[in-house]
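Remarks on the structure that follows.
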Amino acid sequence: MRVLVGVKRVVDYAVKVRVKPDKTGVITEGVQHSINPFDEIALEEAVKLKEKKAATEVVAFSMGGPKCQEVLRTALAKGADKAIHIEVPDADASKLEPLHVARALKKIIENDKFDAVFLGKQAIDDDANQTGSLIAGILDWPQALYASKVEPDGKYLKVTREIDGGLDTIKVSLPAVLSADLRLNEPRYATLPNIMKAKKKPLEKKSAKDLGIDVTPQTKVLEVSEPPVRQAGGFVDDVSALITKLKEKGFIKA
Amino acid sequence: MATPDACPLVDPYWAFYWPGGQSLTRFLLDHENIVRGSAVLDFGSGCGVSSMACLSHGSRRVVINDIDRNALLASKLNLRLNGMEWNSSKIRYTNANLLESEDTHYMIQDLYKDVPVSSRLLLLGDMFYDSDFADTVFRWLKRLQSEFGVRILVGDPDRHPLTEKKLLHGYTTGFSKNLLASYALPGYVTREHYGFTSAHVYQIEF
């Protein structure tokens, strides 16, 4: 089984994002970026399948500006065998939509045979949660979304999914699309020996233009704004002062 | 836990006991008939452990070669820690780049002189991780094999330069790769080297 894993470069989860003064987006310059945490989980699952001999090859994929190569190198250091970068100019990268990524994935799968596409359930920057379903629809492959457990079973994957009411267990035939939920596994760290040997793993770069992928945006961002700031509170000296205040405000009956 | 960027030395390849080196060393320890009386060139020796296996199993001469001087130091320390310094008259350390430097040729001649062809060994433990570099190495290996008839032993966990069909067909020199042994890697090795659960020993013929 050859697995293609999508890894998106996003602002690191630990960074406090700030909105640009002109409200067109968030500030990304000079900000720490990393692999979307859910994609990291998807990658970890693919590498685990390789270590169990259920997968033969793990290929990491990223679409975006030139800096995507950094996250691809990290993916290689975490156990991916190869990487594919579909490059778009930096100016277009922030306007990429899940549909563009799904179309790029389709192009890659047309050129090279894969048995599964693993993705994070959503990216932490746009929270769109669309790429998995879109690629499954475009390829007409079965989808197993929000996976919390994956068991390979010959030509099938048995997948336990986290849904509102509890757990749902399904069996999908390969080729299939899988998206990883938070509790699927705990991703490994890139250790020094892996980083060293990953420097020379193959990283193929193709431009979206060469592949004929139209990246014209279909949505327009009207405004990005900060969440409303919480009003500052006040201090009271003792319990009786608190009760008086609450009565004043009408929160408790007089 | 220290992070990789805190490492004070650049790319300390000698600091790890790579899966390919482990399989090669295990093979040498298990095949004393091949090692006894041999002359060994340990190319890209890293921590020097394959050389140590040869010295402990009766090699006549060993050249420990790595372009990183720290690797040679690590090898020396490892020999000392394992009480193998008494072998020092049989050992030569060199950080020469054998691929590029023609004036090291006499050293290889010297190593293999008056040793039967079947006992001339060339060891490469986990050296095939970069396909461009692999191409250069294969060209060099071909020259050495045609001149000295060396037996080329490669330990590798099947990294891409040795397994990708497209790459194997694309190298300047063709060769055949004969599997001599396969070893399952212990769990702690797999945890340090992601994606690999076994390592192999191949003999390369041009």
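The values are calculated or read from the model by the stated rules, or taken from the named source; none is laboratory data. All figures in this text were calculated on a predicted structure; none of them were measured in a lab. When we count neighbours, we look across all protein chains shown, and the Cβ atoms used for this are built from the backbone with ideal geometry, even at glycine. What goes into the accessible areas is simple: the full protein's heavy atoms, side chains included, and nothing from ligands, DNA or RNA. Shrake-Rupley method; radii C 1.70, N 1.55, O 1.52, S 1.80 Å.
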Probe 1.4 Å - accessible area at B:CYS7, Å² to nearest ten: 50
Can you pull the accessible area of A:HIS85 for me, 1.4 Å probe, Å² to the nearest 10? 0
Buried by partner chains in segment A:25-65 (accessible area down by at least 20 Å² vs chain alone, 1.4 Å probe, heavy atoms, protein only) are A:LYS50, A:GLU51, A:LYS53
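Take every DSSP beta bridge whose two residues both sit in chain B, then give the antiparallel share in percent to the nearest 5.
So the antiparallel bridges amount to about 40 percent of the total.
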Between the chain alone and the structure with every protein chain in place, find the residues of segment A:164-198 that drop at least 50 Å² of accessible area; heavy atoms, 1.4 Å probe. A:LEU192, A:PRO193, A:ASN194, A:MET196, A:LYS197
Could you pull out the pairs from A:LYS8/A:LYS209; A:LYS95/B:LYS165; A:LYS199/A:LYS220 whose alpha carbons sit more than 31 Å apart here? A:LYS95/B:LYS165; A:LYS199/A:LYS220
Could you tell me the center-to-center distance, by alpha carbons, between segment A:1-70 and segment A:165-188 in angstrom? 18
Estimate for me the total accessible surface buried between chains B and A (protein heavy atoms, probe 1.4 Å, no ligands or nucleic acids), in Å² to the nearest 100. 2000
Please give every one of the aspartates and glutamates within straight-line cross-link reach of A:LYS113, meaning a C-alpha to C-alpha distance under 13 Å, and leave out same-chain neighbours fewer than 8 residues apart. A:GLU57
Heavy-atom accessible surface, probe 1.4 Å, ligands and DNA/RNA ignored: which residues of segment B:172-198 lose at least 40 Å² versus the isolated chain? B:TYR194, B:GLY195, B:THR197
Of all the accessible heavy-atom surface of segment A:2-222, with the other protein chains kept in place and a 1.4 Å probe, what percent is carbon and sulfur? 50
Who wins for biggest fluctuation among B:GLU32, B:GLU102, B:GLU85 in a Gaussian network model of chain B, springs between alpha carbons below 10 Å? B:GLU102
Probe 1.4 Å, protein heavy atoms only - accessible area per residue of segment A:37-182 in square angstrom: 41
What does the net charge come to around B:ARG36 if you take all other residues with beta carbon closer than 15 Å to its beta carbon, with K and R at +1 and D and E at -1? +3
Counting only C-alpha contacts under 8 Å and six or more residues apart, can you give the relative contact order of segment A:88-166 as a whole percent? 23
Nearest 500 deg cm²/dmol is fine: what mean residue ellipticity at 222 nm does the protein assembly as shown get from its DSSP H runs of n ≥ 4 alone, each adding -39,500 (n - 2.57), divided by its residue count? -9500 deg cm²/dmol
Residue by residue, what Karplus-based ³J(HN,Hα) values in Hz, rounded to whole numbers, does segment B:65-80 have, using 6.51, -1.76 and 1.60 with θ = phi - 60° and x for Gly and Pro? 10, 8, 6, 8, 4, 5, 5, 5, 5, 4, 4, 4, 5, 5, 4, 5
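For chain B, calculate the relative contact order in percent as a whole number, restricting contacts to Cα pairs under 8 Å that are 6 or more residues apart.
Value for chain B: 22 percent.
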At 1.4 Å probe size, with the rest of the protein present, what percent of the exposed accessible area of segment B:128-206 is carbon and sulfur atoms? 50
Global form of segment B:48-206, assessed from the alpha-carbon gyration tensor, a/c cut-off 1.5: oblate
Spin-label point model (7 Å from Cα, Cβ direction): what's the A:VAL221 to A:LEU174 distance in nm? 3.9
What whole-number value in Å² describes the accessible area per residue of segment B:1-155 for a 1.4 Å probe? 45
What is segment B:8-104's relative contact order, in percent, from Cα pairs under 8 angstrom and six or more apart in sequence? 26
Build a GNM of chain B with springs between Cα atoms under 10 Å: which of B:ASN82, B:ASN70, B:ASN178 gets the top mean-square fluctuation? B:ASN82
Could you check the simple spin-label distance between B:LEU99 and B:LYS76, using points 7 Å along Cα→Cβ, in nm with one decimal? 2.6
Roughly speaking, what is the centre-to-centre gap between segment A:118-147 and segment B:118-162 when only Cα atoms are used, to the nearest Å? 44
